[in-house]
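Q: Take a look at the following structure, please.
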Amino acid sequence: MLATKRSAVCLLVVGLLLWGGAATRPSAQAPGGGATSAGPADPQEIPRRVAIRFLTDSDYPPFNYYDEDNVLTGFNVDIARAICLELAAACDIQVRPWPELLPALQRGETDAVIASHAISANALKFVDFTDRYYHTPARFAGKRSAGRLDATPEGLEGKKIAVAKGTAHEAYLRAFFRDSSIRAFDTPELARDALITGATDLLFDDGISLAFWLNGTASKACCEFKGGPFGEPKYFGDGVAIAVSRDDPQLKSLINAALRRLRESGRYEELVLRYFPLRAF
């Protein structure tokens with residue numbers, strides 16, 4: 001298997017997505033040459049595609065899932081459709097189980113995979129990636145009543161911070177927030193409960209999952225983001241991109257050009273706000 005599927009949505013939705021450059025599903029490590037931008041080539045000079053075949057999976061809301069009418073939808077699905085619209089290409093989006101996505105791309109059974117794959121050194125051995133279209137940074141959350149906090153090592157000195165044990169988020173805190181009182185819990189849910197009950201002053205977790213928690217009923221409207229996103233690639237990955245064949249640089253250039261135009265036109269921002277009204281990245 002080329003990538004490890006994330007165990008739950010609560011481990012991956014991204015303050016805002018840090019373009020260019022916060023648990024996506026696979027772990028992301030150092031960037032590789034295959035993930036670099038194809039450059040600002042004029043898309044009019046690139047031969048157009050009549051159709052683009054995308055693969056995704058269907059059990060990762062709000063990124064890709066079947067709605068109540070059994071229609072495939074989600075942020076990734078709408079990004080794929082918007083890319084096709086920008087390129088005046090027909091869009092064929094098919095669903096397969098997560099473990100089959102990248103192998104199918106390698107076999108030439110699809111043109112691109114858009115399923116929240118993080119760019120990783122391992123995946124880059126087999127496939128290429130377009131420009132990143134979102135990150136999954138870490139964020140602090142704290143009680144609304146606490147007011148504004150300076151989310152820096154100096155500003156949080158002596159503060160009690162809840163975090164899930166054995167995660168990249170715990171490692172980051174122990175490396176950079178050494179003067180804070182770090183309280184590691186066995187699960188993210190226990191860490192969140194500690195914040196709700198006041199056992200800790202803050203919570204440090206994946207920004208996307210925190211956004212859903214803060215906007216949902218489980219948080220009891222207790223809390224809000226404190227400070228901006230933390231996107232150190234060594235700890236939180238190098239971003240999420242569309243996987244393409246290493247033998248198809250033309251398609252990579254086309255998709256990159258479409259992604260740039262989506263951002264410039266404001267369409268990308270519209271899609272982000274549709275699915276993530278509480279900005280995490």
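Q: When the residues of the range 134-156 are filtered to those that are hydroxyl-bearing (Ser, Thr, Tyr) and modelled with pLDDT under 95, which remaining residue is nearest to Phe204 (Cα to Cα)? So that I can check it myself, show each step before the final result.
A: Restricting attention to the range 134-156, the residues satisfying the condition of being hydroxyl-bearing (Ser, Thr, Tyr) are 134, 136, 145, 152.
If we keep only those that are modelled with pLDDT under 95 too, we end up with 134, 136, 145.
Working: Tyr134: 20, Thr136: 13, Ser145: 18 Å.
Filtering first and then ranking leaves Thr136.
Q: Restrict the check to the range 212-224 and report whether at least one residue is basic (Lys, Arg) and crowded, with 16+ Cβ neighbours inside 10 Å.
A: Quick first cut of the range 212-224, residues basic (Lys, Arg) only: 220.
Now drop any that are not crowded, with 16+ Cβ neighbours inside 10 Å, which leaves none.
Looking through the range 212-224, none of the residues is basic (Lys, Arg) and crowded, with 16+ Cβ neighbours inside 10 Å.
Q: Let me ask something else about it. Out of Ala123, Ala115, report the one residue that is of a type in the set (Gly, Ala, Ser), out of contact with any helix residue (DSSP H, G or I) (no Cβ under 6 Å at 6 or more places or on another chain) and either farther than 15 Å from Phe54 by Cβ or at pLDDT 95 or above (or both).
A: Values: Ala115 fails: out of contact with any helix residue (DSSP H, G or I) (no Cβ under 6 Å at 6 or more places or on another chain).
Matching residue, one of Ala123, Ala115: Ala123.
Q: Moving on to the next point. Restricting to the range 89-98, count the residues that are surrounded by 14 or more Cβ atoms within 10 Å (Cβ to Cβ) and either of a type in the set (A, V, I, L, M, F, W, C) or under 15 Å from Tyr60 (Cα atoms) (or both). Step through it out loud before you land on a result.
A: Start the filter on the range 89-98 by keeping residues that are surrounded by 14 or more Cβ atoms within 10 Å (Cβ to Cβ), which leaves 89, 91-93, 95-96, 98.
Checking which are either of a type in the set (A, V, I, L, M, F, W, C) or under 15 Å from Tyr60 (Cα atoms) (or both) leaves us with 89, 91, 93, 95-96, 98.
Residues that pass the stated criteria total 6.
Q: Mind checking which residues of the range 138-197 are part of a strand (DSSP E or B), under 23 Å from the mean Cα position of the chain (by Cα) and polar (S, T, N, Q)?
A: Filtering the range 138-197 down to residues part of a strand (DSSP E or B) leaves 138-143, 160-164, 181-185.
Checking which are under 23 Å from the mean Cα position of the chain (by Cα) leaves us with 138-142, 162-164.
Scanning the range 138-197 gives no hits.
Q: Can you name every residue in the range 223-274 that is in contact with a Lys or Arg (Cβ under 6 Å, 6 or more places away or on another chain) and assigned to a loop (DSSP other than H, G, I, E, B)?
A: Gly239
Q: Let me ask another. Restrict the check to the range 70-89 and report whether at least one residue is assigned to a strand (DSSP E or B), farther than 20 Å from Arg246 by Cα and at pLDDT 95 or above. So that I can check it myself, show each step before the final result.
A: Narrowing the range 70-89 to residues assigned to a strand (DSSP E or B): 72-73.
Applying the additional criterion that residues be farther than 20 Å from Arg246 by Cα yields 72-73.
After this cut, where a residue has to be at pLDDT 95 or above as well, the list is 72-73.
There is at least one residue in the range 70-89 that is assigned to a strand (DSSP E or B), farther than 20 Å from Arg246 by Cα and at pLDDT 95 or above.
Q: Give Glu109, Glu86 a once-over and let me know the one that is touching a helix residue (DSSP H, G or I) at 6+ places or on another chain (Cβ under 7 Å) and surrounded by fewer than 24 Cβ atoms within 10 Å (Cβ to Cβ). Even if it seems obvious, please write down each step before you answer.
A: Numbers: Glu109 fails: touching a helix residue (DSSP H, G or I) at 6+ places or on another chain (Cβ under 7 Å).
Of Glu109, Glu86, the one residue that is touching a helix residue (DSSP H, G or I) at 6+ places or on another chain (Cβ under 7 Å) and surrounded by fewer than 24 Cβ atoms within 10 Å (Cβ to Cβ) is Glu86.
Q: Then there is this: Looking at the range 102-128, which of the residues that are more than 18 Å from Ile255 (Cα to Cα) and of a type in the set (Gly, Ala, Ser) is nearest to the chain's Cα centre (by Cα)?
A: Among those that are more than 18 Å from Ile255 (Cα to Cα) and of a type in the set (Gly, Ala, Ser), it is Ser120.
Q: Looking at (1) buried (at least 16 other Cβ atoms within 10 Å of the Cβ); (2) in contact with a Phe, Trp or Tyr (Cβ under 8 Å, 6 or more places away or on another chain); (3) within 30 Å of Ala241 (Cβ to Cβ), find the lone condition where Ala171 falls short.
A: (1)
Q: Follow-up. Quick one: in the range 173-219, which of the residues that are acidic (Asp, Glu) and more than 17 Å from Pro153 (Cβ to Cβ) is modelled with the lowest pLDDT? Show your work before the answer.
A: Of all residues in the range 173-219, those acidic (Asp, Glu) come to 179, 186, 189, 193, 201, 205-206.
Within this subset, residues satisfying the condition of being more than 17 Å from Pro153 (Cβ to Cβ) are 186, 189, 193, 205-206.
On the way: Asp186: 97, Glu189: 96, Asp193: 97, Asp205: 96, Asp206: 93.
So, considering only residues that are acidic (Asp, Glu) and more than 17 Å from Pro153 (Cβ to Cβ), the one modelled with the lowest pLDDT is Asp206.
Q: Of everything in the range 220-259 that's in contact with a Pro (Cβ under 9 Å, 6 or more places away or on another chain) and among the acidic types (Asp, Glu), which residue is modelled with the lowest pLDDT?
A: Asp238
Q: Inside the range 198-208, can you point out the residues that are assigned to a loop (DSSP other than H, G, I, E, B), of a type in the set (A, V, I, L, M) and closer than 18 Å to Gly227 by Cα?
A: First, the residues of the range 198-208 that are assigned to a loop (DSSP other than H, G, I, E, B): 198-201.
Next, only the ones that are of a type in the set (A, V, I, L, M) stay: 199.
Scanning the range 198-208 gives no hits.
The values are calculated or read from the model by the stated rules, or taken from the named source; none is laboratory data. Note that the coordinates shown come from a computational prediction; the quantities given were computed from them, not determined experimentally. We place every Cβ from the backbone using ideal geometry, glycine too, and count neighbours over all the protein chains shown.
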